[in-house]
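Take a look at the structure set out below.
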Amino acid sequence: MNDSTSDDTQMTAVQHMQSWLSACDEQHTCRSLTLDRPSWLVDTVECCIVPGSNPNNYVALSYTWQESQDSTSSENQEPFRLLEDNLKILIQPGALRNTSQSPLPKVILDAMELTNRLGQRYLWVDRLCIIQDQEIATMSEVMRMDQVYAGAYVTIVAAARFGLVNKRTATLSDPVLQNKGKFNGKSWEIRAHYSSVADSKWAERAWTYQEAILSTRVIFFCNRTAFWQCEFVTWDMKFLSPGKDLDETMSAMSEFSLMRRFSVPSYPDFGLYMDLICPYNGRKLTDDKDGLSACLGILNRLAPSFPGGFIHGLPALFIDYALLWQPLKDCYRRTSTSENARYLPSWAWCGWECFVDPWSFQASFCLDSNDSLRKDKAGSWKLQNLVTWEASSSVRGSDWLEETADQISTNIPQSSIPDVQRKKISPIPTANSPQIVDNQPPLKRGIMHIFTEPILNEKPLSSLPSVIVLQNQKGVFCGLLRITGDVECERGTPMELVAISEGSANLKDMAMCFEEKVFQNSQYCHPGPFNAEYDSEGWWTGVSRGSSIRGKENYEVITEGEYEENLILADNCICKDCLCETQLEDNAVRKFYNVLWVRRENGIARRIGCGRVIKDRWRQNDPEKIRIVLN
C-alpha cells in the first residue's frame, strides 16, 4: 500500500496479533494439539487447495455461511464450495484468485490475507476444505471437528458484519480495529469484548458454538475491535496486553469463561455436559438434520470419560437423568430439508430447536461432589432408576461415540390420564408498565456455568412453555407436565403417559420449580395478575401481587382451550392454601414418577411432553406394564 498511515494502522493491528501469538507460545501451554490432519487446506500463498497431510501449522476460520450477502454472488446463488467436480480445478495454483471461477465471500478473503500476514501459510475453511457433495467424506470430517479446531495454530472468529470488519468496503487497515475509550478495569473490558461477540450473528449459529470452544487459541473479530482468548488470558490491542498483570487478567477472565476447564475430564462430568449442551441447542441451523452433527466435536471430546458414549447426544451412563430434559422457552421440532434424511428422535434434545432448561436436570446436581455451586442448588431432589433402556442402532458413530441409536425401547409402566387444562403465562400490557430495556451488557457468549450463562434465563415469562394440569377419572389432581413443542390437547382426552424413573423432593423445593409456580398462580391456587420477581441472573424466583407496578413485568396465568373448573386438591397439594406452614418447614417429601407424554404412530411412541405424576395417584390409576419403543 502507498498510504503509509493506513499501512501503519494495519501493521499495528497485525503486530498486536503477532505479539499475542508469540507471548502465548513462550509463556503458556495452550498451543495446538498434535492430532489427525484435515484432508485439505487452503494455501494462501499459491491461492489453491492442497492436501492437509503436510506437517506445517494451519489457521482455522470460524464464520457463518449467511455472510454471503457481502460476496459478489446473488442471494439465490449457491455459495461457492469444494465439490467433486471442481476439485481438480481448485488444486491448481492461482485457482482462488480467479473471482469469476472461484467467487469467495469477503470473510474468506480477509482470513486468507490475515493468515499470510501472521506468518502462516495454510488456512482451514470448511466450505473449501471439505468436499461438500461427498456424504461419507463430509460426515467423516464432521465427526472429527474437535480435532480440526483443537489442532489449529490459532482460530479466527469472524463475528463482524462484513468479513473481519464492520463495513463492506473496509480492510484490515481500517482503524476500526483499534480499541477506543477510557479504561474501566480488566473485568469490565473483558465483559465488553464478549458482549460484542454475544450480539453478533456468529453467536446465533449452531455450528460456530463448538468451533470457538474446541479451539485452544482464538482471535475474535467484532465490529469495532479484535481481541485474543487462550486457555489462560484475554488480551486486546489497548488495555489488556501481554506482560501486564497476568494473574489479575487470568482471574478476571475466569469470571466469564470456562475455556480453561474444557479438557477431557478424568470422570464422567455430567455438570460440564450440561454447561455445554443447554446453551447450544437453541442456536440456528440452515438444515435441521444437523442438530446433533453441529455439536459432535464437543461430544467427542467428552466421550472418553463417559462409559457407553452418547446416544443421540444423551450420555448412556446417565440416560435416566438426561431423558428428563425440558425446553426452557419456545421449542420447535427439527425436520430436515434434505431428501431421505432421517428425523432426529423426539426423545433427545437434538430433535428439537430449543435451549435446554438446566433446572430440569436438578436431580443430577448432587452427582459431582466437586461442583460446589451446582451442589448447593441440588436441594432435596432425588432420582431412582425404574427401567433398563435398549438402544436400537442403525448408524455407526465415531470411535468414541460408539453408536447412534434412532430408537430406544424398554418394558415400562404405562397409564392413561385425562388432562384438565393447558396453562400459559400471559403478559399484561398496561400504560404504567413500559417496555423494559436492559442496558447491562451480557456476559461472554461461550462456555459458562449454566447459572451465569446470559442466554439461559426465564425472561420474559410469556416465552416459557405451556403446562398441562393432570387429573384422574375422579377429578383428583395428579401432576403437571411441560409441553415439548406445541401440541393440541382437548379436555377429557386420555393422555398416554409412561413412567421412566422414580423421583422425590421436599415440598419447599418442588414449590420452586417452573411447573409448580405456574400452577400456584393459576385459578386453583392464587389467581389474578402478578409482578414477576427474578434473581440477578434472570431466573424467576417469585411474584408480588397488587396493582400494576411501573417498571415491573406484569403477568397472569391463562387457560388455553376448555378446562375443568372443579379440581380436587389432595391433602398434600403443593398449593400453600392446602399446606400449613409447619408442614412446609418440616420438609415433607413428595414421591412421584417422572413421566413422558407420548403419542403413537405406527407402533412407535413420540415424546410430546415431560413431567411428574404423584406416586400414589399413579398407582391408583391401575397402570400396566408394556413394551415401548421411543423415536
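Tabulated data for the structure shown
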{"item": "Selection within segment 104-140 - at pLDDT below 90 and over 20 Å from Ala160 (Cα atoms)", "result": "Gln132, Asp133, Gln134, Glu135, Ile136, Ala137, Thr138, Met139, Ser140"}
{"item": "Residues satisfying the stated conditions in segment 196-226, i.e. over 17 Å from Cys354 (Cα atoms) and in a strand (DSSP E or B)", "result": "Arg217, Val218, Ile219, Phe220, Phe221, Ala226"}
{"item": "Qualifying residue in segment 489-496 (condition: in a helix (DSSP H, G or I) and under 22 Å from Tyr593 (Cβ atoms))", "result": "no"}
{"item": "Within segment 292-386, helices (runs of 4 or more DSSP H) holding 3 or more residues that are over 12 Å from Phe270 (Cα atoms)", "result": "296-302, 372-376"}
{"item": "Qualifying positions in segment 240-289 - hydrophobic (A, V, I, L, M, F, W, C), assigned to a helix (DSSP H, G or I) and at pLDDT 80 or above", "result": "Phe270, Leu272, Met274, Leu276, Ile277"}
{"item": "Filter result for Val148 (touching a Pro at 6+ places or on another chain (Cβ under 6 Å), assigned by TED's automatic domain parsing to the domain that holds Leu104 and either modelled with pLDDT under 80 or not small (Gly, Ala, Ser) (or both))", "result": "yes"}
{"item": "Tally of residues being among the hydrophobic types (A, V, I, L, M, F, W, C), within 30 Å of Lys329 (Cβ to Cβ) and modelled with pLDDT of 65 or more across segment 533-591", "result": "7"}
{"item": "Any hit, segment 526-535, residues being under 24 Å from Arg590 (Cα atoms), buried (at least 18 other Cβ atoms within 10 Å of the Cβ) and either without any contact (Cβ under 8 Å) to a residue 60 or more places away in the chain or touching a Lys or Arg at 6+ places or on another chain (Cβ under 9 Å) (or both)", "result": "no"}
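Here is a yes/no grid of residues against (1) at pLDDT below 90; (2) touching a Gly at 6+ places or on another chain (Cβ under 9 Å); (3) buried (at least 18 other Cβ atoms within 10 Å of the Cβ); (4) within 29 Å of Pro279 (Cβ to Cβ):
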| residue | (1), (2), (3), (4) |
| --- | --- |
| Gly351 | no, yes, yes, yes |
| Trp359 | no, no, yes, yes |
| Gln362 | no, yes, yes, yes |
| Lys382 | no, yes, no, yes |
| Asn411 | yes, no, no, no |
| Arg422 | yes, yes, yes, yes |
| Ile425 | yes, no, yes, yes |
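The values are calculated or read from the model by the stated rules, or taken from the named source; none is laboratory data. Small disclaimer: the values here were computed from a predicted structure and weren't measured. When we count neighbours, we look across all protein chains shown, and the Cβ atoms used for this are built from the backbone with ideal geometry, even at glycine.
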